[in-house]
Amino acid sequence: MASIRFDKIGKQFGETEIIKNLEFSVNDGEFMVFVGPSGCGKSTVLRMIAGLETISSGEIWIGDRVVNNVHPKDRDIAMVFQSYALYPHMSVYDNIAFGLKIRKLPDADIRKRVKDAAELLGLVNFLDRKPKALSGGQRQRVALGRAIVRNPSVFLFDEPLSNLDAELRVQMRAEISKLQRRLNTTTVYVTHDQVEAMTMGQRIAVLSACDKNKPRATNLMQCGSPMDLYDRPDNIFVARFIGTPNMNIVPARLSDDGSTVNSLGGSMPVSAQFKQAAQAMRGREVMLGIRPEHIGAAHEIDWPQTQAIQGQVEMVELLGHEAILHFKVGGQIMVGRLHSHGHLPAPGDTVTMQMKCEAIHLFDPVTELRLR
Ligand SMILES: Nc1ncnc2c1ncn2[C@@H]1O[C@H](COP(=O)(O)OP(=O)(O)O)[C@@H](O)[C@H]1O
Ligand SMILES: [Mg+2]
């Protein structure tokens with residue numbers, strides 16, 4: 001096992017900056033997820049750890065050595081990709097054993113490792129089959145098996161579930177998490193799917209693409225436990241990225257004494273956690289954030305302190321266990337939640353919804369950082 005550390009890593013392709021000043025560490029045995037929109041540099045980060053991509057600046061540490069100039073095959077890493085890249089003409093056994101044969105391990109050792117992995121992955125009865133005679137989930141397990149038998153210090157996963165259907169994705173999500181806990185191997189898992197990130201990661205790092213028009217010190221937006229990111233997003237990017245449906249974020253103004261925040265035609269007390277910050281910004285414009293699950297109908301909620309907002313219904317999305325209400329308040333579309341078996345309003349209806357005051361987040365409109 002090994003820890004991984006990025007020390008001020010930068011990466012340019014030609015003139016284009018892709019990774020800027022990236023600093024993070026993954027602890028020995030930890031499951032770390034990198035999440036961010038397509039093109040933000042997730043695969044590049046993984047490829048730099050694996051040694052498949054050069055580094056423009058900074059140092060990558062694996063365990064107690066700098067690996068910038070260590071050849072990929074000497075980094076003791078196994079990588080699983082979205083395309084499983086199985087050899088179609090080889091049996092499952094040979095696919096899993098291939099990397100070990102190349103490394104010229106003794107036959108008996110290879111047989112034992114493949115058998116152990118096949119048992120762990122439920123592939124014992126499929127070892128003689130060719131990949132084309134397997135389901136998508138079984139193929140993905142073969143790709144996992146190939147990584148496991150190597151017994152590496154680090155697993156790298158690059159969107160390994162993207163090719164699977166929704167149901168299988170949920171199942172494999174749980175299987176990979178369980179497997180990682182069991183093997184206790186340091187893991188970096190990349191996905192664009194925030195639900196995958198929330199459900200699998202012990203910690204999550206959120207990346208955004210480098211943007212010339214919005215220069216930031218780094219493209220690492222926040223790194224923390226899933227609930228840290230959900231409850232205390234450091235900035236508007238993370239607030240919008242984590243959680244579904246997305247957090248509502250609307251312009252607001254702090255009162256002259258900083259004790260209330262005025263928005264959406266009403267005024268709410270500033271919650272305890274923002275009191276000090278709101279004092280410092282009193283009388284100024286801020287951005288107010290509130291998650292859809294914190295906007296509900298008066299008779300369906302039980303919140304200590306609420307603020308009413310009135311608007312016109314745009315759309316109701318019925319999901320079965322709940323309904324997502326989109327409504328317009330003074331030109332601003334807000335998203336809230338209703339019980340699906342309750343009375344559901346129709347488009348054009350006027351609705352009064354309640355916001356949970358203590359669930360409100362405040363951000364600086366210029367820096368987009370959480371007020372603190
Ligand atoms: N070899 C390359 N040459 C030039 N640009 C590249 C190369 N590889 C990736 N990029 C660019 O780097 C950015 C990040 O790519 P990538 O790491 O694949 O993103 P992600 O995995 O988050 O979708 C993208 O804008 C992509 O076009
Ligand atoms: Mg990618």
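The values are calculated or read from the model by the stated rules, or taken from the named source; none is laboratory data. These numbers were taken from a predicted model, which means no experiment stands behind them. Cβ coordinates were reconstructed from backbone atoms using ideal geometry, including for glycine residues, and neighbour counts include every protein chain displayed.
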Looking at this structure, is Phe24 under 25 Å from Ser177 (Cα atoms) and more than 16 Å from ligand 2 (Cβ to nearest atom)? yes
Options Lys11, Lys20: the member that is on the phi < 0 side of the Ramachandran plot, part of a strand (DSSP E or B), in contact with a helix residue (DSSP H, G or I) (Cβ under 8 Å, 6 or more places away or on another chain) and charged (D, E, K, R): Lys11
Number of positions in region 28-46 that are more than 6 Å from ligand 1 (Cβ to nearest atom) and under 18 Å from Thr16 (Cα atoms): 2
Among the residues of region 215-224, write down those that are of a type in the set (S, T, N, Q) and part of a strand (DSSP E or B). Gln222
Within region 282-305, residues part of a strand (DSSP E or B), more than 25 Å from the chain's Cα centre (by Cα) and over 24 Å from Ala346 (Cβ atoms) come out as Glu285, Val286
Residues of region 251-272 being in contact with a Gly (Cβ under 8 Å, 6 or more places away or on another chain), at pLDDT 95 or above and surrounded by fewer than 19 Cβ atoms within 10 Å (Cβ to Cβ), which ones? Arg253, Ser255, Asp256
Could you pull out the residue among Ala108, Ala78, Ala97 that is assigned by TED's automatic domain parsing to the domain that holds Val188 and within 30 Å of the chain's Cα centre (by Cα)? Ala78
Please specify each residue of region 320-350 satisfying the condition of being assigned to a loop (DSSP other than H, G, I, E, B) and either at pLDDT below 95 or surrounded by 14 or more Cβ atoms within 10 Å (Cβ to Cβ) (or both). Gly320, His321, Gly330, Gly331, Ser340, His341, Gly342, His343, Leu344, Pro345
So, restricting to helices (runs of 4 or more DSSP H) that lie completely within region 31-128, which ones have at least 1 residues that are at pLDDT below 95? 92-102, 107-121
Given the criterion in contact with a His (Cβ under 9 Å, 6 or more places away or on another chain), closer than 30 Å to Lys8 by Cβ and not hydrophobic (A, V, I, L, M, F, W, C), identify the matching residue among Arg203, Arg232. Arg232
Conditions (1) in a loop (DSSP other than H, G, I, E, B); (2) within 15 Å of ligand 2 (Cβ to nearest atom); number of the one not met by Lys212: (2)
Leading residue by the ranking (nearest to the chain's Cα centre (by Cα)) among those in region 225-271 that are in contact (Cβ under 8 Å) with a residue 60 or more places away in the chain and in a helix (DSSP H, G or I): Phe241
Would you say Arg111 is exposed (fewer than 15 other Cβ atoms within 10 Å of the Cβ) and either away from ligand 1 (no atom under 16 Å from the Cβ) or free of Cβ contacts under 8 Å to residues at least 24 places away in the same chain (or both)? yes
Please work out if Met200 is closer than 26 Å to Asp28 by Cβ, at pLDDT 90 or above and crowded, with 16+ Cβ neighbours inside 10 Å. yes
Check region 34-44 and report whether any residue there is more than 13 Å from ligand 2 (Cβ to nearest atom), in contact (Cβ under 8 Å) with a residue 12 or more places away in the chain and surrounded by 15 or more Cβ atoms within 10 Å (Cβ to Cβ). no
Only unsatisfied item for Arg146, checking (1) within 30 Å of Asp107 (Cβ to Cβ); (2) among the basic types (Lys, Arg); (3) surrounded by fewer than 20 Cβ atoms within 10 Å (Cβ to Cβ), is (3)
Can you pull out the residues in region 351-366 that are in contact (Cβ under 8 Å) with a residue 24 or more places away in the chain and outside any strand (DSSP E or B)? Cys357, Glu358, Ala359, Ile360, Asp364, Pro365
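Could you please let me know if Ser177 is touching a residue at least 12 places away in the same chain (Cβ under 8 Å), of a type outside the set (Lys, Arg), over 16 Å from Ala117 (Cβ atoms) and part of a loop (DSSP other than H, G, I, E, B)?
Taking the combined requirement at face value, the residue does not satisfy it.
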Top-ranked residue in region 173-188 [being within 16 Å of the chain's Cα centre (by Cα) and more than 25 Å from Gly63 (Cβ to Cβ); ranked as surrounded by the fewest Cβ atoms within 10 Å (Cβ to Cβ)]: Ala174
Cβ contacts < 6 Å: first residue within 15 Å of ligand 1 (Cβ to nearest atom), restricted to region 156-172; second residue among the charged types (D, E, K, R) and not in a loop (DSSP other than H, G, I, E, B), any location; separation 6+ or different chain. Result? Leu161/Arg169
